[in-house]
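To start, the structure itself, in C-alpha cells.
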Amino acid sequence: AIPLVVAVSTALSARNGLLIRNRTSFEKARNINAIIFDKTGTLTRGEFGVTDVISTDETLDNESILKYAASLEAYSEHPIARGVAVESKDHLPVENFKSTPGKGVEGIVGGKTVNVVSSGYLKEIGLEFKDEKVDEVLSQGKTTVFVMVDGQVKGAIALADIIRPESRETIARLKEMGIKCLMITGDKAEVAEWVSQEVGLDQYFAEVLPSDKAKKVKEIQEEGLIVAMTGDGINDAPALAQADVGIAIGAGTDVAIEAADIILVRSNPLDALHIIQLARSTYRKML
Ligand code: ADP
Ligand code: MG
C-alpha cells in the first residue's frame, strides 16, 4: 500500500502541476545533491529570434544567406530552425532534407546543396572558421549557426534566446539547499558561459553531442553525486533516463516526457525546486 503522506503529496503535487510518474524516483529526489539543467528550452525559453546575419563571402549577400537557410530550416523542428525559418518570407523548394541531431541540417535548396550547422560540425569536417564579427556575436551570448552553400561557408546567423525569468531564483535557492547546479548543452562554450553567469551556475558542459549527454550524467554520478536531470528535448531523453531523478519540462517533446520520472506541467524551472522540497517534507514526515 502507498503510505498516506505519499498519496497526499502525490495528489497535492498534481494539483500544482508536478506529475510524479515514478514514486521511487520521487523518494530519491529528497537526497539529490546535484541537478543538471539542459540549456535550451529549460533554463531558456527555447524561442530563438534572429539578431544578426553575417555574410563572410562577398559572393552571397545577407538576404540570400537567410533565404537559403530559412528554406531549409522550415523542415526542421529544432528551436533554432523555427527562429531562422520565420525570418525569410520567400522560401525556395527543398529536396533531400536531412537532419543530424546536435549538428545541423542539410538539403538541396533551389538546386544548391545547403547546410546549416554548428561550429563543432565545421571543425569536424575540417572547415574550422574564424571571423571577427562571429566572435563578437558569440561574446554577446548569441547562438550562432553557419550557412554553407555547395560545400563552402558563406555566412553565419546569430540568434538570441530568452533566459526564463525564474531560472536565476531557482539556482540561487537550490544552492542554498546545498545542491550543486550544473548545465549541459550542445551549444558553444561562449553561449554556455554567458547563460551560466546570468543564472549563477556552479559548472557547465558545452558542445556536448546528444549521444554524450547520458554519459556526462553517468560521470557525475560516478563522482558520488545523486543526480537530478531536467530537460525538454528528444536529445535529453537518454540523460533523463540515466539520472537518479529525470525531470521533463512539460512543454517538451513526447520522447523526453516518456523518459522522465517527473513532469513539470508549467515549464517553470522553479517547479524543479518545488519537487525536491516536496520530496524532503513528504519523507521527513514518514521517519
Ligand atoms: P541543446 O543542447 O542546447 O538543446 P542541441 O544539442 O539540440 O542543443 O544542438 C546543438 C547545436 O547543434 C546547436 O547549438 C546548433 O549549433 C546545432 N544545430 C542543431 N540542430 C540544428 C538546426 N536545425 N539548424 C542549425 N543548427 C542546428
Ligand atoms: Mg534542449
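The values are calculated or read from the model by the stated rules, or taken from the named source; none is laboratory data. Everything quoted here is computed from the prediction, not taken from an experiment. Cβ coordinates were reconstructed from backbone atoms using ideal geometry, including for glycine residues, and neighbour counts include every protein chain displayed.
Matching residues to (1) within 16 Å of ligand 2 (Cβ to nearest atom); (2) touching a residue at least 40 places away in the same chain (Cβ under 8 Å); (3) not polar (S, T, N, Q):
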residue: Val94; (1), (2), (3): no, no, yes
residue: Lys98; (1), (2), (3): no, no, yes
residue: Pro101; (1), (2), (3): yes, yes, yes
residue: Ser119; (1), (2), (3): no, yes, no
residue: Leu122; (1), (2), (3): no, no, yes
residue: Gly126; (1), (2), (3): no, no, yes
If you go through segment 11-26 one residue at a time, do you hit one that is out of contact with any Gly (no Cβ under 8 Å at 6 or more places or on another chain), at pLDDT below 90 and hydroxyl-bearing (Ser, Thr, Tyr)? yes
Condition broken by Gly141, with the remaining ones in (1) in a loop (DSSP other than H, G, I, E, B); (2) away from ligand 2 (no atom under 16 Å from the Cβ); (3) surrounded by fewer than 18 Cβ atoms within 10 Å (Cβ to Cβ) satisfied: (3)
Residues that are closer than 20 Å to Ala189 by Cβ, in contact with a Phe, Trp or Tyr (Cβ under 9 Å, 6 or more places away or on another chain) and not assigned by TED's automatic domain parsing to the domain that holds Lys188: which helices (runs of 4 or more DSSP H) entirely in segment 22-125 hold 1 or more of them? 79-85, 119-124
Is there a residue being modelled with pLDDT of 95 or more, away from ligand 2 (no atom under 15 Å from the Cβ) and closer than 30 Å to Ala11 by Cβ anywhere in segment 213-221? no
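Okay, residues lined up against (1) surrounded by 24 or more Cβ atoms within 10 Å (Cβ to Cβ); (2) more than 14 Å from ligand 1 (Cβ to nearest atom); (3) in the same structural domain as Gly104 (by TED's automatic domain parsing); (4) not polar (S, T, N, Q):
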{"residue": "Lys180", "(1), (2), (3), (4)": "no, yes, no, yes"}
{"residue": "Ala189", "(1), (2), (3), (4)": "no, no, no, yes"}
{"residue": "Trp194", "(1), (2), (3), (4)": "no, no, no, yes"}
{"residue": "Glu198", "(1), (2), (3), (4)": "no, yes, no, yes"}
{"residue": "Pro210", "(1), (2), (3), (4)": "no, no, no, yes"}
{"residue": "Gly224", "(1), (2), (3), (4)": "no, yes, no, yes"}
{"residue": "Ile234", "(1), (2), (3), (4)": "no, no, no, yes"}
{"residue": "Ala239", "(1), (2), (3), (4)": "yes, no, no, yes"}
Please indicate, with yes or no, whether at least one residue in segment 31-41 is at pLDDT below 90 and in contact with an Asp or Glu (Cβ under 6 Å, 6 or more places away or on another chain). yes
Among the candidates Thr113, Thr170, Thr100, residue that is surrounded by 21 or more Cβ atoms within 10 Å (Cβ to Cβ) and of a type outside the set (A, V, I, L, M): Thr170
Within segment 49-75, residues being buried (at least 19 other Cβ atoms within 10 Å of the Cβ) and near ligand 1 (Cβ under 10 Å from one of its atoms) number 3
